[in-house]
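Written out below as structure tokens is the structure these notes cover.
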Amino acid sequence: MIHTKVTELLQSAELDREVTVKGWVRSARGNKYVQFIHVNDGSTIRNIQVVADTNKFDETLLKRAGATGACISVTGLLVASQGKGQSSEIQAASIEILGDCDAETYPLQKRGQDSKDKKPVTLPLEFLREKAHLRPRTNTFGAVLRIRHHMSFGIHRFFNDRGFFNLHTPIITGSDAEGAGEMFRVTTLDLHNLPKNEAGGINFEQDFFGKETNLTVSGQLEGELAALGLGLIYTFGPTFRAENSNTPRHLAEFWMIEPEMAFYDINDNMNLAEEMLKYLVQYALDHCADDLQFLNDTYDDKLIARLQSVVGKPFTRITYTDAVDILIATHAQKPFEFEPGWGKDLQKEHENYLVEHFGGPVIVINYPKAIKAFYMKQNPDGNTVRAMDILFPWIGEIIGGSQREDNYELLHARVKEQGIPEESLWWYLETRQFGSCPHSGFGLGFERLLLFVTGMTNIRDVIPFPRTPKNAEF
């Protein structure tokens with residue numbers, strides 16, 4: 001018999017019919033007359049209760065079927081539930097063990113409730129990172145991964161409905177879009193017998209691509225090329241950063257959403273970014289209600305209110321210079337750990353203060369040229385560029401973007417000024433000579449968005465298999 005998903009059974013008004021459900025046992029309880037087995041198949045955070053009459057089933061079978069973590073198939077009658085907390089349950093007619101689970105060694109055992117506030121006692125997140133092969137079976141990571149799916153789908157829907165084309169940009173690249181140099185090298189050379197050139201360096205001409213290549217840190221540059229022909233594009237793919245950082249906000253492998261728009265100036269860019277963020281937060285509220293409620297009840301009781309606050313009013317827009325003035329004045333009264341000043345990057349404590357100061361998301365624009373990437377449009381003052389960063393409650397920077405420099409001479413001068421090899425970016429520079437136009441774009445770190453939407457405090461807990469320094473398990 002074709003089985004039915006738990007979420008469909010719990011929502012169904014068609015009762016007193018035979019159904020089959022397949023899933024994993026979350027818990028079981030009972031007495032000598034009846035056993036209650038709670039089954040979850042991942043389609044929802046809620047379990048369906050299976051009621052098994054002990055007189056109808058072998059005792060050994062019921063013991064196996066009631067083991068936490070076991071995978072079972074149950075066929076029976078879907079009826080209205082007599083207990084609290086569920087609308088329907090299954091009166092079991094047959095039970096099949098699809099996969100036994102050793103209760104003695106299974107690491108994801110149910111923990112009960114906290115005696116003070118009656119909240120579920122969950123397994124430590126640090127422990128679950130070591131069990132990434134099993135953690136999708138927990139309530140927490142089932143919720144996070146379902147939200148991750150809905151956010152991904154929402155992103156594609158947002159751009160598709162606005163006439164954008166999805167572009168697949170290269171994962172292997174010969175250029176460093178950010179100019180930071182923190183890239184993972186791609187090579188087929190024998191590391192134990194590297195070919196050398198006449199200068200004594202590595203001869204990359206003998207490598208697979210005949211040159212140095214790396215994993216991409218951004219699809220932006222290639223995205224710009226397509227936007228200057230298709231008009232509106234967006235990328236959504238993996239990016240890599242060989243940054244030796246173990247903070248709760250950094251990963252070596254993460255996903256980026258990067259739209260690029262021809263004929264958009266910095267104001268158009270800000271408008272689109274704000275519209276997108278509000279759309280996605282509302283999309284989560286509309287499509288992930290059960291999972292968000294679980295995370296709100298279990299980890300962060302302000303989560304749903306924080307999400308609702310983002311969609312409720314316009315984002316504040318302020319220049320970098322004005323933001324720094326506010327920070328300097330505040331620092332004089334109550335010092336920050338890092339002293340603010342014009343020409344310095346904003347630290348997370350500065351970003352958090354600005355968000356609190358204005359009571360919601362803030363868009364900071366017109367940053368000093370010296371601290372921003374070479375491709376950003378220079379302002380007439382010669383000192384600042386048309387950059388924008390969007391700061392979110394608790395997260396800090398969630399989006400970074402800019403109007404792109406469309407003037408060949410100015411862009412070429414910035415490339416030389418920053419010591420970027422022109423031969424690696426000849427194609428990018430050439431677009432400014434053949435029908436250039438004003439254009440803009442931004443990057444949204446997918447996992448940063450998920451941190452905000454789920455309320456998780458560590459970025460390792462919003463990606464299925466995190467890649468961090470000294471960790472490439474699973």
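The values are calculated or read from the model by the stated rules, or taken from the named source; none is laboratory data. Bear in mind that the values here come from a model prediction, so they are computed numbers and not experimental data. Reconstructed Cβ throughout: ideal geometry from the backbone, glycine too, with neighbour counts over all protein chains shown. For the accessible areas, the whole protein counts, side chains as well, though only heavy atoms, and no ligand, DNA or RNA atoms are used. Shrake-Rupley method; radii C 1.70, N 1.55, O 1.52, S 1.80 Å.
Restricted to segment 284-301, and to residues there that are touching a residue at least 40 places away in the same chain (Cβ under 8 Å) and surrounded by fewer than 16 Cβ atoms within 10 Å (Cβ to Cβ), the residue that is nearest to V6 (Cα to Cα) is D290.
Hey, can you tell me all the residues within segment 384-428 that are among the hydrophobic types (A, V, I, L, M, F, W, C), open to solvent by 10 Å² or more (accessible area, probe 1.4 Å) and under 14 Å from F374 (Cβ atoms)? Matches in segment 384-428: L410, A413, I420. A residue that is surrounded by 19 or more Cβ atoms within 10 Å (Cβ to Cβ) and either among the small types (G, A, S) or within 21 Å of I266 (Cβ to Cβ) (or both) occurs somewhere in segment 429-437.
If we keep just the residues of segment 379-412 that are farther than 30 Å from I304 by Cα and among the β-branched types (V, I, T), which is farthest from the chain's Cα centre (by Cα)? Step by step, filter segment 379-412, then rank; the result is T384. Remark: F465 matches the filter, which requires a residue to be open to solvent by 50 Å² or more (accessible area, probe 1.4 Å), within 18 Å of the chain's Cα centre (by Cα), at pLDDT 95 or above and hydrophobic (A, V, I, L, M, F, W, C). For segment 181-228, a tally of residues being in a loop (DSSP other than H, G, I, E, B), in contact (Cβ under 8 Å) with a residue 24 or more places away in the chain and in contact with a Lys or Arg (Cβ under 8 Å, 6 or more places away or on another chain) returns 4. Residues in segment 333-349: is at least one outside any loop (DSSP other than H, G, I, E, B), modelled with pLDDT of 95 or more, over 27 Å from the mean Cα position of the chain (by Cα) and not charged (D, E, K, R)? Checking segment 333-349: at least one residue is outside any loop (DSSP other than H, G, I, E, B), modelled with pLDDT of 95 or more, over 27 Å from the mean Cα position of the chain (by Cα) and not charged (D, E, K, R). Looking only at residues that are in contact with an Asp or Glu (Cβ under 6 Å, 6 or more places away or on another chain) and in a helix (DSSP H, G or I) in segment 110-152, which one is modelled with the lowest pLDDT? Among those residues, the one meeting the criterion is L125. Of the residues making up segment 138-176, those that are open to solvent by less than 50 Å² (accessible area, probe 1.4 Å), over 23 Å from C288 (Cβ atoms) and hydrophobic (A, V, I, L, M, F, W, C) number 2.
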